[in-house]
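Worksheet for the structure shown next.
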Amino acid sequence: MHVAPTTGSNPARGPKAQRIIVLAATYGNGAAPASAGGFLDDFERCPVIPGLPLAVVGFGDRSFPAFCGFAAEIAQVAVQRG
């Protein structure tokens with residue numbers, strides 16, 4: 001197991017990775033928290049590893065309509081990239 005912050009990390013860096021789990025907190029109404037600034041840009045540049053399972057777990061406050069919006073953005077990028 002390898003745990004890394006969202007900022008400056010490469011989720012697919014380890015050659016022994018068998019799966020990736022991204023834990024994504026959402027600030028307010030769907031925004032990325034300050035600690036995750038730039039994660040989507042980094043994530044979009046990561047190499048795609050065919051067959052490597054990826055799960056996105058979102059956390060947020062249900063009092064906002066887009067309470068897990070940041071996690072949804074990450075999942076959307078993952079689906080678009082295959």
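The values are calculated or read from the model by the stated rules, or taken from the named source; none is laboratory data. Just so you know, these numbers come straight off a predicted model, no measurement behind them. Heads up, the Cβs are rebuilt from the backbone with ideal geometry, glycines too, and the neighbour counts pull from every protein chain shown.
Close Cβ contacts (under 6 Å, 6 or more residues apart or on different chains) running from residues in the stretch 60-82 that are within 22 Å of I49 (Cα to Cα) to residues that are among the β-branched types (V, I, T) and not in a helix (DSSP H, G or I) comprise A71/V56; I74/V22; I74/V56; A75/V56; R81/V48; G82/V48.
In the list A78, A17, which residue meets the criterion of being at pLDDT 85 or above and not polar (S, T, N, Q)? Can you show your working first?
Working: A17 fails: at pLDDT 85 or above.
Every option except A78 fails the conditions.
When the stretch 58-69 is filtered for residues that are surrounded by fewer than 16 Cβ atoms within 10 Å (Cβ to Cβ), of a type in the set (F, W, Y) and assigned to a loop (DSSP other than H, G, I, E, B), only F64 remains. Among the candidates N29, N10, the residue that is at pLDDT 80 or above, loosely packed, with under 14 Cβ neighbours inside 10 Å and in contact with a helix residue (DSSP H, G or I) (Cβ under 8 Å, 6 or more places away or on another chain) is uniquely N29. Screening E44 against (1) more than 13 Å from the chain's Cα centre (by Cα); (2) touching a residue at least 12 places away in the same chain (Cβ under 8 Å) leaves a single unmet condition, (1). Of the residues making up the stretch 42-80, those that are over 22 Å from A31 (Cβ atoms) and out of contact with any helix residue (DSSP H, G or I) (no Cβ under 6 Å at 6 or more places or on another chain) number 6. If the condition is being within 15 Å of P5 (Cα to Cα), of a type in the set (G, A, S) and surrounded by 11 or more Cβ atoms within 10 Å (Cβ to Cβ), then the stretch 33-57 contributes S35, A36, G37, G38.
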